[in-house]
Amino acid sequence: MVSRWIATGALVGCAISYSPSVSHADSSDDLRRELKRLQARVHSLEANEQTGSRADRAAAKAARLAQKEAEEARARAEEARVHAEAARAKAQAAQKGADPLQGSFPGSMRVPGTDTSFKLYGHAKLNVYGDLGPRNRSDTITVPSIPLSRGALGARTPGDVAVNGRYSRLGLDVRTQISESFGTIRNVLEVDFAGQLSDATTQAIASSYTTRLRLAFAEFGKTDGWGSIIAGQAWSLYDDATLNPLRSVSDWSTPATTIVRQGAIQYNKSVGSTTFSVGVENTYSDVTSTVGTSYPDSNGGAGFTPSGMPDLTARVLWRGESASFALRGMMRNIEINNGAGIPAQRYDASTLGYGIGASGSLYLLDGRLALFATANYGPGIGRYLSMVSPGFGAVTNFGLPGVTARTATIDAVTATAGVVGLQYKFLPNLQSNALIAAGNLKYPNYVNQFTTTSSAINRSLWATSVNLIYSPVPSIDLGIEYLHGSRALLGPDVNGVVGGTTNRIQSMVLVRF
């Protein structure tokens, strides 16, 4: 409007200042033209002013509308939160009303009047196996020590058939919620009956095997909070057994994998999908010489093996929706001491052993197909790897001709091993698992002179298995499996034997509770 009045004033001013020296007709025409031009200018200014006003009003209206929508969205979100809290409280109340003993984790029961829940778990398992080759009087195949092709055991063909239930298992899991910030305290105790025969003759009437402790640990804290601590006998951080999705009918230690349960203190901390863990774990030096094997619990072989410091372990584990990956490491001290009374004959030496490993799994076809691979390498990896014979964490030349306490050495045995496998579910209750494993061991040259222990010095090993497992109901598994294993010695033993092979058919009936 201001621009309109300015334009009108300009029009009047022009009319007043018009020169009288021009003729009346010409001046009228000029005046009319000037008036039209000025009126057009006024209309243009008015149109621009109206357009700007409409834009301003539209912007202000849009801002008010956006603010209103934001306030309404906040109100709806708050209302949804209140409803969710109410629904959760109602569901919890209904659950407690329906089953006041319902525990805090699946399958558990609450101790009345407390925040403690517990769960009994386990299974009864019947194993039936038959060997297709040399006699292998063991209900599990241990590839590093399978019977050689000739000798006392190799000559006994065909192999054994046996039935037992010693791998039945019983476990107790107890958890107590302390606080939201601290987390939960968890205690686990698990045993099976795969210990030694209490009496070799008891299989005639009772098959009395001793109870074997598998797990006995406490865990407390929050892995995704300040962290959690595990103390007791637990799975070693260097193990890949807990990452392996493949199932076995037999109870053998899957070749080329790591499977150790031992006393440990472990710390775990999660960052998103990744968990970082470090541990201090039980140590157990094992050294083999030409005259035998030395353990901390014996003074055989070339002496005894002190345990001067604990093993150190570490792991980084990432878990995704359809895949997982882990990188592991272990370091330990391996020592031997002959304890001789004469100073000139005293022998005390040690070496550093370590191992590194990587494992990965991938789930495809909506989880029906699982692929798994693992690899391990290390000088002195020893008992942590299932393809290394017990006692071969390190070797020593002490006891060989011409070797004195001053010239004796101790050397770690280097092992490399890997396994690839798959699991395929034909139906939700019908699956098959298959794997191939291989390993290789490297020794110092003087090991070729070993005599008494030559039958245990493996150069290479490999194994394979395939099975079919059917579950007519979720708590019952029926399975059948074929297993093959073979080992090749570093050199012929005293009987000229260079290796051994075993083949077995294994079946099971397993009922969980």
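The values are calculated or read from the model by the stated rules, or taken from the named source; none is laboratory data. Just so we're clear, the structure is a prediction, and the values are computed from it rather than from any experiment. Using ideal geometry, Cβ is built from the backbone for each residue, glycine included, and neighbour counts are taken over all protein chains shown. Ligands, DNA and RNA are stripped out before the accessible areas are found, and what is left, the full protein with its side chains, is counted by its heavy atoms. Shrake-Rupley method; radii C 1.70, N 1.55, O 1.52, S 1.80 Å.
SER250 accessible area, nearest 10 Å², 1.4 Å probe?
Approximately 10 Å² of SER250 is accessible to the 1.4 Å probe.
Got a number for the accessible area of PHE193? Probe 1.4 Å, square angstrom, nearest 10.
Taking all protein chains as shown, PHE193 has close to 80 Å².
If eta is 0.890 mPa s and T is 25 °C, what Stokes-Einstein diffusion coefficient results for the chain, Kirkwood Rh from Cα pairs, in µm²/s?
D = 84 µm²/s.
In the full protein assembly as shown, how much of VAL174 is accessible to a 1.4 Å probe, in Å² to the nearest 10?
Roll a 1.4 Å probe over it and VAL174 shows about 40 Å².
Of PHE426, THR374, ALA194, which is farthest along the charge dipole of the chain in the positive direction, counting Lys and Arg as +1 and Asp and Glu as -1 at C-beta?
Among PHE426, THR374, ALA194, the one farthest towards the positive end of the dipole of the chain is PHE426.
Any idea of the accessible area per residue across the chain, 1.4 Å probe, to the nearest Å²?
I get 52 Å² per residue for the chain.
Using a 10 Å Cβ count of at most 16 others and DSSP loop calls, identify the longest part of the chain lacking such GluC sites (Glu not before Pro).
Between the exposed loop sites, the longest stretch runs 322-513.
Between ALA60 and GLU180, what is the label-point separation in nm under the 7 Å Cα-to-beta-carbon projection?
4.6
For n ≥ 4 DSSP H runs only, could you compute -39500 (n - 2.57) per run for the chain, divide by its residues and tell me the 222 nm figure to the nearest 500?
-6500 deg cm²/dmol
If we count trypsin sites (Lys or Arg not before Pro) as exposed when they sit in a DSSP loop and have at most 12 other beta carbons within 10 Å, what is the longest stretch of the chain that avoids them all?
138-405
How far is helix 2-16 tilted off the main Cα axis of the chain, in degrees rounded to 10, range 0 to 90?
That works out to roughly 30 degrees.
With all distinct Cα pairs included, what does the Kirkwood hydrodynamic radius of region 390-455 come out to in Å, to one decimal, could you say?
With all distinct Cα pairs of region 390-455 included, I get 15.4 Å.
Take the solvent-accessible surface of the protein heavy atoms, probe 1.4 Å, and return the percent of it on the chain that carbon and sulfur atoms account for.
Taking all protein chains in place, the chain shows 60 percent carbon and sulfur surface.
Could you work out how far apart the two model spin labels at LEU427 and LEU35 are, taking each label as a point 7 Å from the Cα in the direction of the beta carbon, and quote it in nm?
The two pseudo-label positions are separated by 10.2 nm.
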